Amino acid sequence: MYGPGTRFEKAMFYTRGPKEKQLLVNLASTTDKVVHARKRRIISYAMSESAIRSYEPVILDKIRLFCKQLPDANTFGGEYKNMSRWFSYLTYDIMGTLTFSQSYDMLTKDDHHFIQPLIDAYQHSQVILGTYPKIEHWGLAPLLFLKIMSDNKRFRSYVDKQVSYRIEQEKSGNGPADIFKLLLNHKDKETGESMGFKELSDEAVVLIIAASDTTGTALSGLYFYLARYPECYNKLKQEIRTTFSSVDDILGGKKLLECKYMRACVDEALRMSPGVPGYLTREAPEGGTIDGYYMPPAAQVGVPTWTVHRDPDVYPDPQIFKPERWMVDSEEQIQKLRSCWYPFSTGTRGCIGKNMAYHSIYLTVARLAYSFEIKSRDPLPLEFHVKDHFAAGEKNGPFLKFIPVSTS
């Protein structure tokens with residue numbers, strides 16, 4: 001359904017309507033292959049290896065502030081920090097600077113903290129409206145889901161304001177060289193037209209959510225499991241502290257990528273806490289079959305990421321956090337593990353920001369492991385719990401205390 005060459009196309013779920021009445025059209029949602037290819041080409045420049053390297057000073061600046069704030073009992077949340085929120089503050093501040101050249105200062109001010117529950121409500125609304133698009137077409141959504149749709153409207157209004165601000169900057173000649181500039185400067189090869197406001201706003205939605213919320217989920221899940229399995233955190237600390245001579249030595253590049261245990265921890269956390277735990281809906285083609293079973297044309301099908309990541313035939317003891325499962329020499333075994341591992345989807349519809357996400361995650365994890373011991377406020381359950389709001393929703397915790405360590 002998802003791999004290269006598949007005949008199963010993205011379903012109406014994403015656009016909340018048939019092709020002639022699509023209500024949401026961005027890189028992540030469009031069902032039109034030509035439109036998707038055009039949008040992907042534009043964004044790919046911002047996600048290239050050279051572009052990501054150029055972002056590192058901004059990313060490191062935010063991570064340094066993050067590490068400064070965490071052990072301070074006088075900052076938001078007190079001594080034990082709700083890491084679902086704090087990782088969101090970090091990733092949102094990074095996203096705001098790189099995408100819109102605006103520092104939202106969520107790590108130091110609460111002015112923009114209201115956006116987190118709005119993002120969750122927006123994604124929840126997409127599940128409802130994507131599953132039952134006629135609710136929106138008939139005008140029933142605000143009546144049936146008053147709170148969710150009200151928050152949805154507030155989120156879109158917030159996004160529209162960010163887009164309007166950047167458009168005015170560009171018109172004044174003071175537009176900075178950020179990711180959104182690529183969209184503002186793009187002109188269609190055939191028509192010569194620029195993107196309209198609605199299209200720009202739709203793209204801003206996916207940039208905000210994909211660049212901040214899903215990366216925050218990965219980090220929250222990882223630190224839940226590192227706190228629950230202290231032996232894993234000890235191994236991670238040992239690797240980072242023997243690889244780097246100081247925290248300032250931790251930069252992107254070959255040395256960081258050689259931290260195999262850290263990378264295994266991240267991949268295992270992505271297995272157990274994928275940013276999109278639900279199923280990525282596809283539409284069955286004429287004569288479509290899945291595992292030998294015939295699917296009627298246009299049937300909506302999909303496999304939940306959370307479920308396939310817990311296949312015991314591929315991942316023995318699937319509910320246990322085991323980074324070591326990724327540290328095997330057998331290429332055949334690695335291929336088997338990867339065959340059911342889709343935190344970024346796959347194929348041409350795979351997440352275009354995958355390398356960007358890894359870069360931010362590795363830098364954050366390595367610097368935290370070098371600098372802090374961690375202590376959980378509460379006994380932790382077996383798994384990090386989220387709800388399927390398309391992307392992982394209603395994240396809470398773990399509540400952790402970060403204790404600075406002497407590395408001299």
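The values are calculated or read from the model by the stated rules, or taken from the named source; none is laboratory data. For clarity, every value in this text was computed on a predicted model and none was experimentally measured. Neighbour counts are summed over all protein chains in view; Cβ atoms, including those assigned to glycine, are modelled from backbone coordinates with ideal geometry.
Values as computed for the structure displayed
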item: Qualifying residue in the range 243-257 (condition: among the basic types (Lys, Arg), closer than 29 Å to residue 86 by Cβ and touching a Phe, Trp or Tyr at 6+ places or on another chain (Cβ under 6 Å)); result: no
item: Residue in the range 91-107 that is farther than 20 Å from residue 211 by Cα and not hydrophobic (A, V, I, L, M, F, W, C) present; result: no
item: Test: residue in the range 205-214 that is more than 22 Å from residue 354 (Cβ to Cβ) and within 24 Å of the chain's Cα centre (by Cα); result: no
item: Subset of the range 277-324 [closer than 17 Å to residue 338 by Cα, surrounded by 14 or more Cβ atoms within 10 Å (Cβ to Cβ) and either under 17 Å from the mean Cα position of the chain (by Cα) or free of Cβ contacts under 8 Å to residues at least 60 places away in the same chain (or both)]; result: 277, 304, 305, 306, 308, 309, 310, 314, 315, 318, 322
item: Those residues of the range 51-102 which are over 22 Å from residue 251 (Cα atoms) and among the small types (Gly, Ala, Ser), in sequence order; result: 73, 77, 78, 84, 101
item: Filtered residue count, the range 166-183, keeping only those that are under 25 Å from the mean Cα position of the chain (by Cα) and either over 22 Å from residue 93 (Cβ atoms) or assigned to a loop (DSSP other than H, G, I, E, B) (or both); result: 3
item: Those residues of the range 361-390 which are buried (at least 20 other Cβ atoms within 10 Å of the Cβ) and within 29 Å of residue 31 (Cα to Cα), in sequence order; result: 386, 389, 390
item: Hits in the range 226-240 - residues which are in a helix (DSSP H, G or I) and crowded, with 17+ Cβ neighbours inside 10 Å; result: 226, 227, 228, 232, 233, 235, 236, 237, 239, 240
item: Flag for residue 119 being at pLDDT below 85, part of a helix (DSSP H, G or I) and hydrophobic (A, V, I, L, M, F, W, C); result: no
item: Output for the range 325-346, where each listed residue is of a type in the set (Gly, Ala, Ser) and surrounded by 15 or more Cβ atoms within 10 Å (Cβ to Cβ); result: 345
item: Qualifying residue in the range 149-159 (condition: outside any helix (DSSP H, G or I) and under 21 Å from the mean Cα position of the chain (by Cα)); result: no
item: Test: residue in the range 87-95 that is within 17 Å of residue 369 (Cα to Cα), of a type in the set (D, E, K, R) and in contact (Cβ under 8 Å) with a residue 12 or more places away in the chain; result: no
item: Top-ranked residue of the range 61-73 - restricted to ones that are in a helix (DSSP H, G or I) and either of a type in the set (D, E, K, R) or in contact with a Gly (Cβ under 7 Å, 6 or more places away or on another chain) (or both), ranked as surrounded by the most Cβ atoms within 10 Å (Cβ to Cβ); result: 62
item: Residue count for the range 368-393, restricted to those that are among the aromatic types (Phe, Trp, Tyr) and closer than 12 Å to residue 224 by Cβ; result: 1
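Residue-wise test of (1) modelled with pLDDT of 85 or more; (2) within 28 Å of residue 284 (Cβ to Cβ); (3) among the charged types (D, E, K, R).
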| residue | (1), (2), (3) |
| --- | --- |
| 7 | no, yes, yes |
| 12 | no, yes, no |
| 29 | no, yes, no |
| 33 | no, yes, yes |
| 39 | no, yes, yes |
| 42 | no, no, no |
| 80 | yes, no, no |
| 95 | yes, no, no |
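For every residue, the table says whether it meets (1) in a helix (DSSP H, G or I); (2) out of contact with any His (no Cβ under 8 Å at 6 or more places or on another chain).
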{"position": "41", "(1), (2)": "yes, yes"}
{"position": "56", "(1), (2)": "yes, no"}
{"position": "59", "(1), (2)": "yes, no"}
{"position": "75", "(1), (2)": "no, yes"}
{"position": "87", "(1), (2)": "yes, yes"}
{"position": "90", "(1), (2)": "yes, yes"}
{"position": "113", "(1), (2)": "no, yes"}
